[in-house]
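All remarks here apply to the structure that follows.
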Amino acid sequence: DLEPAAAGAAAAHRGTVVRRAAEPGPAGADAVRAAALGLALRGLRTDLLVANRVLPEEEVPADSWLAAPLAQQRKALAEWQGTYDVRTVAHLGHDPRGTDDLAELDAPGVTPQAAPVEWPVTDRLADDGVLVWHLPLPGAVREDLDLVRRGDELVVTAGPFRRIVPLPSALRRCTVDGAALREGTLAVRFAPDPRLWPRGR
């Protein structure tokens, strides 16, 4: 286990890659959606989503106790496979113990490094007179978003998550001109402050 300071340093490191694991079902699906938003707000990149303790796909009688868990599993896996790079790990029928059980799990190994998460700034000064900062926030809901400019920082709240983000240098000389959430990306518009913006731009 990491101490809080070490965990914070790991989360802030640009090279950090997060691997998620969850059981495919209603609770797991909720957790994965929440984690996707929280990790995106932190700017953390992810590689795989490991679907853990996956029941074997087989025909079972409608009155079997397995029918409901299998239906929930299929629904969650279908949702995940349309969005994430999913690997499955089979349910052994018992908690894994020892090296033989771990080998039987056949858990996925380390993958090539994932691409860094970028929050790009688009220059639309010539067309619209603004700079636009794009913050990818998959799963964010407009009603649960809040932005507060605080000096050279932007305080972003998305659902239960909150982060204080330093503004890129060009945006520090601007005022916030609005924001819009479209297709999982929050676009924040910044208008140059005439008192601080160099003449000729």
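Where a number appears in this text, it was derived from the coordinates with a stated rule and is not lab data. Everything numeric here is computed off the predicted structure, so don't read it as measured data. With ideal geometry, Cβ positions are generated from the backbone for all residues, glycine too; neighbour counts draw on all protein chains shown.
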Exercise. Given labels modelled 7 Å from the Cα in the Cβ direction, how far is it in nm from ALA27 to ASP123?
Worked result: 5.2 nm
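Scanning the chain for helices, which whole DSSP H stretches are 18 Å or more long along the axis (Cα) and average -0.5 or more by Kyte-Doolittle?
Details: long enough: 26-41 (23 Å, 1.11); 67-81 (21 Å, -0.55).
The answer, listed by residue number, is 26-41.
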Exercise. What residues have an amide H closer than 5 Å to that of LEU154, excluding those fewer than 5 places away on the same chain, when H is modeled at 1.01 Å from N in the peptide plane?
Worked result: VAL165, LEU167
Problem set entry | From phi via Karplus (6.51, -1.76, 1.60), per-residue ³J(HN,Hα) for the range 161-173 in Hz, x at Gly/Pro | 9, 9, 9, 9, 10, x, 6, x, 4, 5, 6, 5, 9
Exercise. Which ³J(HN,Hα) values in Hz, rounded to whole numbers, follow from the phi angles of the range 175-184 under the Karplus curve 6.51 cos²θ - 1.76 cosθ + 1.60, where θ = phi - 60° and Gly and Pro get x?
Worked result: 10, 5, 10, x, 8, 8, 9, 9, 6, x
Problem set entry | Cut-off under 5 Å, modelled amide H: who pairs with VAL18 long-range | ARG45, THR46, ASP47
Problem set entry | Under the Karplus curve 6.51 cos²θ - 1.76 cosθ + 1.60, θ = phi - 60°, whole-Hz ³J(HN,Hα) for the range 144-157, x wherever Gly or Pro sits | 9, 9, 8, 10, 9, 7, 9, x, 9, 10, 10, 8, 10, 10
Problem set entry | Separation in nanometres of the label points that stand 7 Å from Cα toward Cβ, at ARG150 and TRP65 | 5.1 nm
Exercise. Which entry is the computed log10 I(q)/I(0) by the Debye sum over Cα atoms at q = 0.08, 0.11 Å⁻¹ for this structure: (i) -0.30, -0.57; (ii) -0.45, -0.72; (iii) -0.40, -0.67?
Worked result: (iii)
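In deg cm²/dmol, rounded to 500, what helix-only [θ] at 222 nm does the chain give when every DSSP H run of at least 4 residues adds -39500 (n - 2.57) and the total is split over its residues?
Taking each H run of at least 4 residues, the total per residue is -7500 deg cm²/dmol.
In percent, what relative contact order does the chain have, based on Cα pairs under 8 Å that are 6 or more apart in sequence? Kindly include the intermediate steps, with their values, before the conclusion.
Working: 285 pairs, mean separation 35.0, N = 201.
For the chain, the relative contact order is 17 percent.
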Exercise. What ranking do 33-45, 84-96, 132-144 get when scored by the average of other Cβ atoms within 10 Å per residue, highest first?
Worked result: 33-45, 132-144, 84-96
Problem set entry | Overall Cα dimensions of the range 101-201 - principal axes, largest extent first, Å | 67, 30, 24
Exercise. Where Rh denotes the Kirkwood radius from the mean inverse Cα pair distance, what is Rg over Rh for the range 123-178?
Worked result: 0.98
